[in-house]
Each structure stands twice: as C-alpha cells, then as structure tokens.
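These notes concern the structure reproduced below.
Read the figures in this text as sums done on the coordinates, not as results from a lab. Everything numeric in this text was worked out from a predicted model, so none of it was measured. Don't worry about glycine lacking a Cβ; one is built from the backbone with ideal geometry, like all the others, and counts go over all protein chains shown.
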Amino acid sequence: MVILGLGTNVGNRLSSLRRALQLIKNIPNFFVKNISPVYLSDALMPSDAPLSWNKPYLNVALRCETTLDPYTLLQHTNNIEVAMG
C-alpha cells in the first residue's frame, strides 16, 4: 500500500488536482484504490517568504497499490510534477 498526498495553491486548484489524478492513474502497475475528500489547508510559510505565497492549498490523499519500487514511483511522480509545471 502507498499513500500519496497531493496539494496545490496555484491557478485553478481543483482542475490541477483532477489533472494530477488522471496522470497518476496512467502510471503502469499503479492502482488508485481510494481517494479522500478534498480539503483546504493553510500554506506553511517560511519566515522570510513573500506574502504572495500565502495562499490556501487544496489537498487530497490517495490510497494506492503498486508493484513498483519506491525509486521508480518517485520518478513517475516527479515526471508528472514537471509535466504540470
């Protein structure tokens, strides 16, 4: 079992979560079994961060099953992050 946490505070947040979920579902040998409700959280801000960073996040957790090793899964999720900008 793998739990993935997704979150975004940039642009159309709900659309971004939906797009990320679709891309995650395309990972070979990776199966999303449950999806949490979407929830809102405050940004965790470093003390020297610009005020423009202080935007609330939309978050979701995914319970997944996979035969992928952790490094391969990390490569796939990093590729999704890069593809989404």
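Figures for the structure shown
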{"item": "Pairwise Cα inverse-distance average, inverted: Kirkwood Rh of the chain (Å)", "result": "13.9 Å"}
{"item": "Sum of side-chain charges, GLY5 neighbourhood, beta-carbon under 14 Å (Lys, Arg +1; Asp, Glu -1)", "result": "0"}
{"item": "Isotropic mean projected area of the C-alpha convex hull, region 32-81 (nm²)", "result": "5.0 nm²"}
{"item": "Within region 1-32, backbone nitrogen closer than 20 Å to the virtual label 7 Å beyond the Cα of ASP42 toward Cβ", "result": "7-10"}
{"item": "Among TYR57, TYR39, TYR71, residue whose mean-square fluctuation peaks in a GNM of the chain (springs only between Cα atoms under 10 Å)", "result": "TYR71"}
{"item": "Integer Hz, Karplus 6.51/-1.76/1.60 couplings in order for region 3-17, x for Gly and Pro", "result": "10, 10, x, 10, x, 8, 10, 10, x, 7, 4, 5, 4, 5, 5"}
